[in-house]
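The values are calculated or read from the model by the stated rules, or taken from the named source; none is laboratory data. The model shown is predicted, which means the values in this text are computed figures rather than measured ones. Neighbour counts run over all protein chains shown; Cβ positions are idealised from the backbone, glycine included. Ligands, DNA and RNA are excluded from the accessible area calculation, which covers all protein heavy atoms including side chains. Shrake-Rupley method; radii C 1.70, N 1.55, O 1.52, S 1.80 Å.
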Amino acid sequence: NNNNNYSLQHNPTVELRVADGGPFGGLCVSAVAESHGYLPNLYLSSSCSAKWLIDNATGTVQLSPLPHGWPGPQCIDVSSGGSSLGHHQLPLLPAAVPALQAFNSSNFSSWGGSVVKGDDGQYHMFAAVFAAHAGLKDWGTKSEVMHAVASKPTGPFAFKRIVAPPEAHNPQVVRYTDGTYLLFDIGHVPLWHADDINGAWNATPVKDGCNNPTPVIISKPGITTRGQAGGDDLPIGSVVLFCHNQEHWGDSVWAMTAPHWSGPYTLFKGSHQDCYDDGRVLFAHPMEDPFMWVDQDNRWHMVAHAFRMGMADDTAVGGYAWSDTGPLGPWHYQENLPAYSSRVAFDDGSSWDLSRRERPKLLLDDQGDPRLLYNGVCPPDSHQSGPSDPGGHCFTMVQHINTTAWRGMQKTRT
């Protein structure tokens, strides 16, 4: 109709055809049956026989020859409000072999890993491990947060202690403007704080409900919620907390703001890029495990564990989104290229197609650009059953990023 909304009440096979060069303003799917726990979605023909190209400048979707080097044919998840084309991939360098990885212990299976440099000059990792020699498949009942230490950010990290008992999962550690260490996680206690990273961690009573939290601490002046487009000032010391969802799995990203790490946290509402959840998500493409950062030019970036990257191949597990205007958007989700894939090359010339690669966390350099990527990974034949898994247990992997190449991408961004 004239509002470019296309509503379906059932779940038929739908093929969308758009005339070459025809006008197309943002399609919003308002009601399609859910599938596999995901939000409603409309797909192009499963044959993927058409080649699709989105022109953001004119708001059109075209049947068109693809730019040089793009894979084809293409499919697009047309329900994704905020979808864009881009050219950003993390330029990853070959990784250390599994035996020399960040944390690959014979005593624990681990999942993910968030790293910060302490005042002691050491690098401190906080990662989910599983009690009683359990594995990733028991993450919902036996996950706890460990503290491990290394002299280098790539490790290998040595286990130090458990800082958050079950149930605690997907931790992210950041440092507040006054030096306080903050540990966000999902579990019984969603936020911990410590004055000394090697000291006691204290539980903080905050409103729960932020799944897979990723905080950004505002540490410089001049940042507003919507950049040049206006919005509220974000004073130094305020927190923008991004969440996978609050109500159902398969959602996109929600945002909360707080004047201080201890709260109160206020849920953002009103994104015009959204088809779902009454204006609360920043874009509509489903994903989880977001990691956010803001660069020195005040551009906001996100990597995440992505679902349904139909315009890429089946190894696409890392999603990327960006906002040039501030943490509350508008955000643009890159549909055509993954940030990274499940295929990893090792520095001895071998490679793996990982059975799982999730929980992305970055370590940034002094200029705020990506330096290292950490993931929870499972080997190709893993059963996710713990350290004794004959197919290989899940562990925390780190991979260097070619920061110079990343900066070059920012100079040529569209």
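Structural remarks
- Accessible carbon and sulfur surface of the range 284-376 relative to its total accessible area, %, 1.4 Å: 41 percent
- On the principal axes of its alpha-carbon atoms, the range 78-226 has extents of 45, 37, 34 Å, going from largest to smallest.
- Ranked by how many other beta carbons lie within 10 Å on average, peptides 215-226, 354-365, 168-179 from highest: 354-365, 168-179, 215-226
- Among the trypsin sites (Lys or Arg not before Pro) in the range 114-172, none is located in a DSSP loop while being surrounded by at most 13 other Cβ atoms within 10 Å of its own Cβ.
- The range 285-379, accessible area per residue, ligands and nucleic acids excluded (1.4 Å, Å²): 28 Å²
- Over the range 180-225, equivalent-ellipsoid semi-axes from the Cα gyration tensor in Å: 21, 17, 8
- Principal axis dimensions, the range 352-414 - Cα atoms, whole angstrom, descending: 46, 23, 14
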